[in-house]
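Visitor: Below you will find the structure I want to go over with you.
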Amino acid sequence: MEQFFKKVILMNDVNILSIESSCDETAAAVVRNGRQVLSNVISSQIETHKLFGGVVPEIASRCHILAIDNVVSQALEDAKMTFNDITAVAVTCGPGLVGALLVGISHAKALAFALNKPLIPVHHIEGHIAANYIEDPEWEPPFICMVVSGGHTHLVHIKDYSEFDILGRTRDDAAGEAYDKVARVLGLPYPGGPRIDKLSLEGDPNAIKFPRVTLENGSYDFSFSGLKSAVLNYINKASMKGEQINNADVAASFQQAVIDVLVQKAILACKEYNSKKFALAGGVSANKHLRAAMQAACDENGITFRVPAPILCTDNAAMIGCAGYYEYLKGNFGSMYLNAYPGLKLGEKINEQYQLQP
């Protein structure tokens, strides 16, 4: 039945209207056949949340409500399409901020119901992984992928589209979360990650010996809370002694400690799983130093390296449309009972919402 279903739908182009609203970007896109991005519209809330030094969930939800209709309309206009040209509607259902997710899901359900089109629930991290398929149309599983963002640090074995083995994940702070917290202590404005990346260009990455936490032997898990605490202790001790702090050296040394751990775990996983293909994904993968370090390490070990363009690293709807396409091929449609799942784990299915609807 599944093979017959695939043959039928592949006779025509599959145009997926996708929506992403898991945090502080309201995004919509139209993606054709999983890899061709016809439009990708993103409405950022950075300037709003900058006043508070981070994302305020309630404010994020209200901003999504105000922006989503215009963002969807703009995505269709940019793609030179109408709703009649859309094959299905894909939407992020988790993980993320529950209120923010509900705005996107409610809008997607309303569209799917009114247009009588399939509704496709998409996992946010699966979307980040899928951004690599957009960047390189020839890229396909299997490969090892590291997802590094403000809320997640995952090392994943991509066995097939929508088939994952999680090798490791953060046990406390995600890498991006550590970046934001250290940036705040250094007095850098939100968002902190790009600010540290830029400031580190002026510093010495070997000036301060911050710890590299690799955990027990054979573990692919991550822990960045100790590194964060080490940076805070260094700054507090220097302040108590009245010593001058070189913020650029702190930023560069902190960043190098994070990158060293990420690169080490990535290469070890590729070797253990005999993978000659490795990809980065997630917001932190836009970091120039991380991209360069991963490229160098992969080149040294004969591993093909891929990373999405920066616009596809941050939260966007094009990646959701790409991931949604492969869920569509499997007939993984959602019902009008689809809810938000803020703690949804990668690879976890959502009861009957993931079953082929009659």
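Visitor: Condition first: at negative phi, of a type outside the set (A, V, I, L, M, F, W, C) and part of a loop (DSSP other than H, G, I, E, B). Now tell me which residues in the stretch 73-87 satisfy that.
Guide: Restricting attention to the stretch 73-87, the residues satisfying the condition of being at negative phi are 73-79, 81-87.
Subsequent filtering for residues that are of a type outside the set (A, V, I, L, M, F, W, C) retains 73-74, 77-78, 82, 84-85, 87.
82, 87 - these are the residues of the stretch 73-87 that are at negative phi, of a type outside the set (A, V, I, L, M, F, W, C) and part of a loop (DSSP other than H, G, I, E, B).
Visitor: Would you pick out the residues in the stretch 113-136 that are crowded, with 21+ Cβ neighbours inside 10 Å and either without any contact (Cβ under 8 Å) to a residue 40 or more places away in the chain or of a type in the set (Ser, Thr, Tyr) (or both)?
Guide: Residue satisfying the conditions is 133 alone.
Visitor: Looking only at the stretch 343-358, count every residue that is modelled with pLDDT of 50 or more and buried (at least 16 other Cβ atoms within 10 Å of the Cβ) and tell me the total.
Guide: 3
Visitor: For the stretch 11-66, give me the residue count where each residue is at positive phi and either outside the structural domain of residue 322 (by TED's automatic domain parsing) or surrounded by 19 or more Cβ atoms within 10 Å (Cβ to Cβ) (or both).
Guide: 1
Visitor: A further question on this structure: I'd like to check something: does the stretch 173-185 contain any residue that is touching a Pro at 6+ places or on another chain (Cβ under 9 Å), aromatic (Phe, Trp, Tyr) and either within 26 Å of residue 40 (Cβ to Cβ) or in a helix (DSSP H, G or I) (or both)?
Guide: Looking through the stretch 173-185, at least one residue is touching a Pro at 6+ places or on another chain (Cβ under 9 Å), aromatic (Phe, Trp, Tyr) and either within 26 Å of residue 40 (Cβ to Cβ) or in a helix (DSSP H, G or I) (or both).
Visitor: Based on what the data block shows, is residue 203 touching a helix residue (DSSP H, G or I) at 6+ places or on another chain (Cβ under 8 Å) and modelled with pLDDT of 95 or more? Lay out the reasoning, then the answer.
Guide: On the way: touching a helix residue (DSSP H, G or I) at 6+ places or on another chain (Cβ under 8 Å): yes; modelled with pLDDT of 95 or more: yes.
Yes, satisfied.
Visitor: Considering each of 160, 180, 172 in turn, give the residue that is outside the structural domain of residue 125 (by TED's automatic domain parsing) and buried (at least 18 other Cβ atoms within 10 Å of the Cβ).
Guide: Working: 160 fails: buried (at least 18 other Cβ atoms within 10 Å of the Cβ); 172 fails: buried (at least 18 other Cβ atoms within 10 Å of the Cβ).
From the options 160, 180, 172, the qualifying one is 180.
Visitor: Given the structure, is residue 276 over 17 Å from the mean Cα position of the chain (by Cα), under 26 Å from residue 96 (Cα atoms), free of Cβ contacts under 8 Å to residues at least 40 places away in the same chain and surrounded by fewer than 17 Cβ atoms within 10 Å (Cβ to Cβ)?
Guide: On the way: over 17 Å from the mean Cα position of the chain (by Cα): yes; under 26 Å from residue 96 (Cα atoms): no; free of Cβ contacts under 8 Å to residues at least 40 places away in the same chain: yes; surrounded by fewer than 17 Cβ atoms within 10 Å (Cβ to Cβ): yes.
Spelling it out, it is not the case that residue 276 is over 17 Å from the mean Cα position of the chain (by Cα), under 26 Å from residue 96 (Cα atoms), free of Cβ contacts under 8 Å to residues at least 40 places away in the same chain and surrounded by fewer than 17 Cβ atoms within 10 Å (Cβ to Cβ).
Visitor: Only one of 90, 110, 100 is among the aliphatic types (A, V, I, L, M), within 18 Å of the chain's Cα centre (by Cα) and in a helix (DSSP H, G or I); which?
Guide: Values: 90 fails: in a helix (DSSP H, G or I); 110 fails: within 18 Å of the chain's Cα centre (by Cα).
Answer to the selection: 100.
Visitor: Right, something else. Can you find even one residue in the stretch 309-324 that is part of a helix (DSSP H, G or I), touching a residue at least 24 places away in the same chain (Cβ under 8 Å) and surrounded by fewer than 18 Cβ atoms within 10 Å (Cβ to Cβ)? Reasoning before the result, please.
Guide: Of the residues in the stretch 309-324, the ones part of a helix (DSSP H, G or I) are 310-313, 318-324.
Pick out the ones that are also touching a residue at least 24 places away in the same chain (Cβ under 8 Å) and you get 310-313, 318-324.
With surrounded by fewer than 18 Cβ atoms within 10 Å (Cβ to Cβ) added as a condition, the list becomes 310-311.
Looking through the stretch 309-324, at least one residue is part of a helix (DSSP H, G or I), touching a residue at least 24 places away in the same chain (Cβ under 8 Å) and surrounded by fewer than 18 Cβ atoms within 10 Å (Cβ to Cβ).
The values are calculated or read from the model by the stated rules, or taken from the named source; none is laboratory data. All values derive from a computational prediction rather than experimental measurement. Quick reminder, even Gly has a Cβ in these numbers, built from the backbone with ideal geometry, and neighbours come from all protein chains shown.
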